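The values are calculated or read from the model by the stated rules, or taken from the named source; none is laboratory data. The model shown is predicted, which means the values in this text are computed figures rather than measured ones. Cβ atoms come from the backbone with ideal geometry, glycine included; neighbour counts cover every protein chain shown. SASA here: full protein model, heavy atoms, side chains in, ligands and nucleic acids out. Shrake-Rupley method; radii C 1.70, N 1.55, O 1.52, S 1.80 Å.
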Amino acid sequence: MIRRVMATPLPQLERIGLPKVIATLTEDLEVAEKFFHVLPVLIINIVIVVFGIAYMAYLSLELLAVVLVFFVIGFLTIACLLWFTKKDRVAIRETTDVMMSHYQRVVLGAKELALNDFRKYFFSRKIFSISNNIRIRSRRVFNLLAVVEQWAQLLLFALLGAIIFLIGNYLSLSMEVIAGYVITLLFLLEPIEVIISGSDELIDAKVAFNKIDSLHLSKVDGWDQLELPKKPSNINSSGAKLELECVEYAYTLETDDKTEVFHIGPISTQFTPGEVTLIIGGNGSGKSTLLKTLCGLYPLDAGRIYLNDELIEAEGIETFRNHFSIIAADFCLFEEVLDANGKLCDDHVIQIFIERLNLSAVVTSTGGLLSRVDLSHGQRKRLALLHIYCENRTILLFDEWAADQDPIFKEIFYKEILPAMKKRGKTIIVVSHDERYFDCADKILKLDEGQLMELDHYQQKK
């Protein structure tokens, strides 16, 4: 499942949402796993019941007909009772996704909740209302399951009583046949209970499998064959020219009362090695979307992308992505620091960069692993910059990297770090609102409601 999540395109993961993915990786997998434990036991007990029925047929076909009538009545009633629980089971599972998002807010919003008792009250009331709904539905399911268990036993003992006191005499059966039926039915009591409880767990597993399928995650082969990938032969640390030709991408924004489509493009521009390009524009103008589109994280709806004058085809998109390093607004920081060949970096090299980033007092490196990543947002962005240094990719993308930095490090970023990367021939694209440093760019592109324009020098200065 983890391999499937990692193989799923980013737009699909963003539509699913983190709470649903986490709920599936925890709740659904745990329930689905039981299916593979229950199924063999269920099959064994079904075989036992089948052979028990065959033995009763050997003893008396007439009495077996009576037994099968009881079995059919039991099967139909129990199936109906279990079917009545399915709606509640599905609702409980769907509500789990909502609860998972609230669990996140309990932790991520701890500061806001602690400072506002009214917000804490309304938020707590919402959670308690949802959990109470789950409790009511769960109680209803458990009550029906209790009825199923007792009803099955009642039918079986009613059958035993009927055989001993009524049917045996009516059919003029010998005591050996009656005793054989009674002993066989008592022997089948436990296998039948296992089948009933197993059927209950199979329904839960069916709900879990349906939920997993509803996410539409990508399929993968060879999930257990993890090998260190080789560096593609056409990737090097020198610069690369990136050209966009009539590129377009659109996504849907859904709210409770309406659906809107946000569209960027058509965009035609190019990014040259050894140049710094700034992308500016208002909030919601599509700057982050453009970054994810040009590096292949979002699939194109129209247009073409060229790398060093070579057209990027859909089948080569994964290799294409390996030319990029990105620090996005919602970046994730990993402990492992990898070099350009995918190996753990030397601690000496890492420590040099840590000192240059003024983080030596809070972070160290052992065996290519950072000692901690739970720092302030600005410090974490500096550590992300360390990853970019060590990865040594061709094209570097920064989504408002300096927004969380103090004035000193903003100055260092624009006046020292970017020129150093530019000198190494990197293709550098920076989303920025820092007008003070617009003169550090070789080219400025402005994005407005998904449309891109290049500013001339007069406009840049203005």
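Quick notes
- Of the strands (runs of 3 or more DSSP E) that lie entirely inside the range 177-287, those containing 3 or more residues that are at pLDDT below 90 and loosely packed, with under 12 Cβ neighbours inside 10 Å span 242-254, 259-271.
- Among all positions in the range 65-73, there is no residue which is open to solvent by 50 Å² or more (accessible area, probe 1.4 Å), in contact (Cβ under 8 Å) with a residue 24 or more places away in the chain, closer than 28 Å to Ile212 by Cα and in a helix (DSSP H, G or I).
- Looking across Leu159, Leu145, one residue alone is open to solvent by less than 90 Å² (accessible area, probe 1.4 Å) and touching a Phe, Trp or Tyr at 6+ places or on another chain (Cβ under 6 Å). It is Leu159.
- Single residue of the range 51-64 satisfying the filter (in a helix (DSSP H, G or I) and open to solvent by less than 70 Å² (accessible area, probe 1.4 Å)) that is farthest from Leu145 (Cα to Cα): Leu59
- Filter pass, Asp117 being surrounded by 14 or more Cβ atoms within 10 Å (Cβ to Cβ) and not hydrophobic (A, V, I, L, M, F, W, C): no
- Among the residues of the range 305-327, those identified as assigned to a loop (DSSP other than H, G, I, E, B) and either farther than 29 Å from Gly368 by Cβ or at pLDDT 90 or above (or both) are Asn308, Asp309, Ile312, Glu313, His323.
- Tally of residues being loosely packed, with under 15 Cβ neighbours inside 10 Å and either on the phi > 0 side of the Ramachandran plot or of a type in the set (Ser, Thr, Tyr) (or both) across the range 312-332: 0
- Which listed residue, of Thr85, Thr77, is modelled with pLDDT of 85 or more, of a type in the set (Ser, Thr, Tyr) and within 32 Å of the chain's Cα centre (by Cα): Thr85
- Qualifying position, being out of contact with any Ser or Thr (no Cβ under 9 Å at 6 or more places or on another chain), of a type outside the set (Lys, Arg) and open to solvent by 100 Å² or more (accessible area, probe 1.4 Å), among Phe128, Phe123: Phe128
- Only residues that are open to solvent by less than 70 Å² (accessible area, probe 1.4 Å) and among the aliphatic types (A, V, I, L, M) were counted across the range 164-176, and they come to 3.
Each row is one residue, and each column tells you yes or no for (1) without any contact (Cβ under 8 Å) to a residue 40 or more places away in the chain; (2) open to solvent by less than 60 Å² (accessible area, probe 1.4 Å); (3) of a type in the set (S, T, N, Q).
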site	(1), (2), (3)
Arg15	yes, no, no
Lys20	no, no, no
Ala23	no, yes, no
Val31	no, yes, no
Lys34	no, no, no
Val41	no, no, no
Ile46	no, no, no
Val49	no, yes, no
